[in-house]
Amino acid sequence: MVLSVLQKLVYPPSASVVMTAVSVITFLSFSHGGWMETRGKHLQYSKLKDSVQKNTTGDDTNKKKRKGKVVQSKVGMTVLYTPAFLVGLSSFILFPLGDFRFNLLRSAVTAHFFKRVFEVLFVHKYSGSMDVETMVSVSLTYSFFSAITIYNQHVMQSLPEPAIDLKYIGIPMFLLGIVGNFYHHYLLSKLRTKGDKQYKIPQGGLFSLVICPHYLFEILGFFGISCISQTLYAFSFTMGSTFYLMEGVTPLENGTSPSLKIFPKMSRP
């Protein structure tokens, strides 16, 4: 029953064993990353890491000491997203011709990472640093996602489309996700003035209902891309990312972070 429904929603799995393996590994790796977040082992670019690593007195004496080289957060975040954006942009040169779904998919992926680069340069305010090792690994992950998603869709053009067409559902989902994510990032950027490092409870938008509405809309945007694509890899990446983002806010939801105990009880993204 479930399998028959999935066959109507998703393109047939790629004949390539490598592509199928990549889809499974992507889902498992992101899910594992989310589980590690709940265990207090955060990536060194996570927006929540500085809060959840403080001790019960609120000082920074018990923060984990970083090892290796670091760069300014703004530089690191720019490097995180720019290659993935350029991969999406270059696809219009490498594959000048394509059907409607393929052009829609690569436009959505390119727009997603363009928005992220734009936010880094003109919206977000940064005061910390990022491990070079983390910067490189996450940048490669996003670039890999961009390249594989677009190339896989290019290959799927030769196959019959799924019986149930989800791309017209995916388009408004993606647009709502990208706009909602940007709006809540804008609200967050207005919380901090220059040199201000103290945490403040966000106000406005859906912050009164959801702990991290920007994560909620990011998830919605990824589901939009998956519905446009309707490939196993796209859905694997989206599900893995969803588990990662949901578990990443667990310390906030459970009050694990002493500096965030004033956070009201809210719903997960």
Condition (residue is among the aromatic types (Phe, Trp, Tyr), closer than 21 Å to Val117 by Cβ, at pLDDT 85 or above and within 19 Å of the chain's Cα centre (by Cα)) applied to the stretch 220-232: is it met by at least one residue? yes
When the residues of the stretch 205-217 are narrowed to those that are farther than 12 Å from Tyr186 by Cα and open to solvent by 20 Å² or more (accessible area, probe 1.4 Å), which ends up modelled with the highest pLDDT? Phe217
Those residues of the stretch 168-189 which are open to solvent by 10 Å² or more (accessible area, probe 1.4 Å), within 18 Å of Ser236 (Cβ to Cβ) and of a type outside the set (Phe, Trp, Tyr) amount to Met173
Here the qualifying pairs (Cβ atoms under 7 Å; residues six or more apart or on different chains; first in the stretch 228-242 and under 14 Å from Leu9 (Cα atoms); second at pLDDT below 85 and open to solvent by less than 10 Å² (accessible area, probe 1.4 Å)) come out as Leu232/Ser23; Tyr233/Ser23; Ser236/Ser23
Restricted to the stretch 101-135 and to residues being open to solvent by 70 Å² or more (accessible area, probe 1.4 Å) and free of Cβ contacts under 8 Å to residues at least 24 places away in the same chain, the residue farthest from Arg192 (Cα to Cα) is Phe118
Looking at Pro202, is it over 18 Å from Gly76 (Cβ atoms), at pLDDT below 90, buried (at least 17 other Cβ atoms within 10 Å of the Cβ) and out of contact with any Ser or Thr (no Cβ under 8 Å at 6 or more places or on another chain)? yes
Restricting attention to helices (runs of 4 or more DSSP H) lying wholly within the stretch 15-119, give those where 3 or more residues are farther than 30 Å from Pro160 by Cβ and at pLDDT 55 or above. 17-38, 73-94
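The values are calculated or read from the model by the stated rules, or taken from the named source; none is laboratory data. The structure displayed is predicted, hence computed values, not measured ones. For neighbour counting, all protein chains shown are included, and Cβ atoms are generated from backbone atoms with ideal geometry for every residue, glycine included. Accessible surface areas use protein heavy atoms only, side chains included; no ligands, DNA or RNA. Shrake-Rupley method; radii C 1.70, N 1.55, O 1.52, S 1.80 Å.
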